[in-house]
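For reference, the structure discussed in these notes is given below.
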Amino acid sequence: MVVSLRLPLISSLLSPASSRSSNLAFSRRALGISWRHQRQRPPLRFPLLSSPFSPRSSSTNTEIHIDSSKNRVSEGPITPRSQDFNAWYLDVIANAELADYGPVRGTMVIRPYGYAIWEAIQEYLNVKFKETGHENMYFPQFIPYSFIEKEASHVEGFSPELALVTIGGGKELEEKLVVRPTSETIVNHMFTQWIHSHRDLPLMINQWANVTRWEMRTKPFVRTLEFLWQEGHTAHASPEEAEKEAIQMIDIYTKFSYEQAAIPVIAGRKSKVETFAGADKTYTIEAMMGDRKALQAGTSHNLGQNFSRAFGTQFTDENGQRQHVWQTSWAISTRFVGGIIMTHGDDGGLMLPPKLAPIQVVIIPIWKKDGDKAEVLNAASSVKEFLQTAGLKVKLDESDQKTAGWKFNFWEMKGVPLRIEIGPKDVASKSVVISRRDIPGKQGKVFGISMEPSVLEAYVKERLDEIQSSLLQQARTFRDSNIVDVSSYNELKEAISEGKWARGPWSASDQDELRVKEETRATN
């Protein structure tokens with residue numbers, strides 16, 4: 001099955017024509033307030049308001065709860081989503097073996113299954129970055145504190161979150177070092193040494209790295225003291241090139257969200273108040289989670305000449321004049337893994353989009369008599385081999401310590417999109433039973449699918465495409481049903497009080513924005 005998607009790219013959303021024709025479109029002055037905390041590469045200004053979401057909420061449900069006896073969350077029954085969304089989220093992470101708590105409060109150990117999801121994200125984005133002319137490199141984790149101080153708004157925005165090193169090798173350092181919260185400063189220090197002429201531009205790089213921000217209230221994947229991300233940095237000879245780059249990268253994030261993660265994000269521009277510290281403009285993508293809260297899932301910043309002026313990053317243009325470069329930076333982090341969990345998961349656990357699932361198909365061989373074991377396992381192994389040869393990610397669970405029913409529940413909880421069951425009768429009839437993770441119970445189970453390689457391969461690939469499309473459509477339907485168009489402030493407040501997102505005109509006033517935040521607990 002071929003799935004065709006129409007993506008609301010920000011380049012089209014910002015055009016007056018599209019703002020009249022698309023229900024996702026908005027004008028540059030449209031109101032955009034999503035409920036989340038304001039820092040962590042400031043959130044997006046888009047035409048929506050939603051009920052308050054903050055991993056820093058004073059509610060104890062948003063705290064990391066550590067089992068002191070094991071220093072981890074204990075695995076056990078999954079709390080129903082409708083009963084306690086935050087408890088459900090933590091239960092899924094523990095039971096699906098995505099992550100565990102580190103020994104330092106607020107840190108997280110990403111386990112192999114969780115890291116495999118991040119690797120799938122990396123794999124897709126790495127290709128897109130290179131296709132658009134970016135090269136990977138790496139910058140040091142330690143940054144001189146004087147670098148951070150050079151850009152006034154930058155140091156003001158990040159000071160509360162900085163982790164500092166003051167002693168090295170047993171001696172007090174002459175200058176304290178910042179453990180990387182983001183890399184704009186050290187990047188500019190190096191760009192100043194590499195850029196001299198217009199022939200050196202554009203300079204476009206990306207790094208996959210870890211970042212440290214000293215958060216007081218944390219939540220696995222969503223907000224931790226240390227997290228993984230990619231951060232792109234570019235330098236250009238004109239403001240038009242920098243703006244084009246910032247838009248291009250948020251479009252790449254939008255396309256990734258729709259096509260790979262099956263998350264229907266909304267892209268837009270942040271307000272002045274919410275713009276990244278040191279940027280002229282911030283664009284972000286926002287996703288509606290299963291509890292109707294907003295999650296900032298990716299950012300792209302037009303930095304203008306703010307950092308290049310602070311660091312003296314200049315080039316000689318074609319007319320022989322010295323100019324400061326125009327710059328961008330953009331990032332997606334492991335927070336996106338949390339977004340996938342909260343967008344698609346259900347009371348059974350994870351529900352992963354096939355394109356990002358570490359395991360797309362799990363095969364469960366079933367036998368009761370020892371005499372049936374060999375032929376069932378042989379058939380299951382054969383199915384595994386030809387599906388893997390076809391490019392699918394397949395797991396054969398041939399362990400005999402657990403029952404088939406236990407295995408069904410376990411792999412459903414880990415979000416594997418398709419399950420193939422093979423028993424003695426299936427071997428005899430040269431067929432299999434296939435169950436879909438996104439359709440629970442008997443409705444999602446189909447019997448008698450031929451084991452003939454070409455038939456089974458085609459059937460499995462078609463079902464995976466259907467699941468990918470279905471997850472996106474379900475998320476889009478849920479999102480759209482929880483967005484309310486408003487034409488007055490009272491309507492806006494009513495929508496927010498009902499836990500919905502509000503969309504309406506906005507005057508672009510900082511004072512109005514602060515008033516809305518104060519009176520409704522909104523952040524945009």
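The values are calculated or read from the model by the stated rules, or taken from the named source; none is laboratory data. This is a predicted model, so every value here is computed, not measured. Reconstructed Cβ throughout: ideal geometry from the backbone, glycine too, with neighbour counts over all protein chains shown. Ligands, DNA and RNA are excluded from the accessible area calculation, which covers all protein heavy atoms including side chains. Shrake-Rupley method; radii C 1.70, N 1.55, O 1.52, S 1.80 Å.
Need the failing condition index for Asp346 against (1) more than 30 Å from Glu259 (Cα to Cα); (2) in contact (Cβ under 8 Å) with a residue 60 or more places away in the chain; (3) buried (at least 18 other Cβ atoms within 10 Å of the Cβ); (4) not hydrophobic (A, V, I, L, M, F, W, C), just the number. Going through (1) more than 30 Å from Glu259 (Cα to Cα); (2) in contact (Cβ under 8 Å) with a residue 60 or more places away in the chain; (3) buried (at least 18 other Cβ atoms within 10 Å of the Cβ); (4) not hydrophobic (A, V, I, L, M, F, W, C) one by one, Asp346 breaks only (1).
Restricting attention to the stretch 292-313, the residues that are open to solvent by 10 Å² or more (accessible area, probe 1.4 Å) and closer than 14 Å to His236 by Cα add up to 4.
Return a yes/no flag: does the stretch 338-347 have any residue that is more than 30 Å from Asp91 (Cβ to Cβ) and of a type outside the set (Ser, Thr, Tyr).
Of the stretch 338-347, the ones more than 30 Å from Asp91 (Cβ to Cβ) are none.
For the stretch 338-347, residues more than 30 Å from Asp91 (Cβ to Cβ) and of a type outside the set (Ser, Thr, Tyr): absent.
Of the residues making up the stretch 383-410, those that are touching a residue at least 40 places away in the same chain (Cβ under 8 Å) and closer than 19 Å to Val460 by Cβ are Val383, Phe386, Leu387, Ala390, Leu392, Lys407, Phe408.
Only one of the numbered conditions (1) surrounded by 14 or more Cβ atoms within 10 Å (Cβ to Cβ); (2) outside any helix (DSSP H, G or I); (3) not β-branched (Val, Ile, Thr) is not met by Lys407, and that is (2).
Okay, residues lined up against (1) over 28 Å from Tyr101 (Cα atoms); (2) open to solvent by less than 50 Å² (accessible area, probe 1.4 Å):
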position: Ile148; (1), (2): yes, yes
position: Glu172; (1), (2): yes, no
position: Glu184; (1), (2): yes, yes
position: Thr192; (1), (2): yes, yes
position: Met204; (1), (2): yes, yes
position: Val211; (1), (2): no, yes
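The residues on offer are Lys402, Lys369, Lys355, and the sole one that is closer than 30 Å to Gln248 by Cβ, open to solvent by 20 Å² or more (accessible area, probe 1.4 Å) and not small (Gly, Ala, Ser) is Lys355.
Applying a threshold of 6 Å to beta carbon distances and a minimum spacing of six or more residues, or different chains, the list of pairs starting in the stretch 228-248 at a residue that is open to solvent by less than 30 Å² (accessible area, probe 1.4 Å) and ending at one that is in a helix (DSSP H, G or I) and at pLDDT 95 or above reads His233/Val187; Thr234/Glu245; Ala235/Phe191; His236/Ala242. Screening Pro354 on (1) at pLDDT 95 or above; (2) in a helix (DSSP H, G or I); (3) not hydroxyl-bearing (Ser, Thr, Tyr) shows it passes everything except condition (2).
Of the residues making up the stretch 249-291, those that are touching a residue at least 40 places away in the same chain (Cβ under 8 Å), assigned to a strand (DSSP E or B) and open to solvent by 10 Å² or more (accessible area, probe 1.4 Å) are Arg269, Met288.
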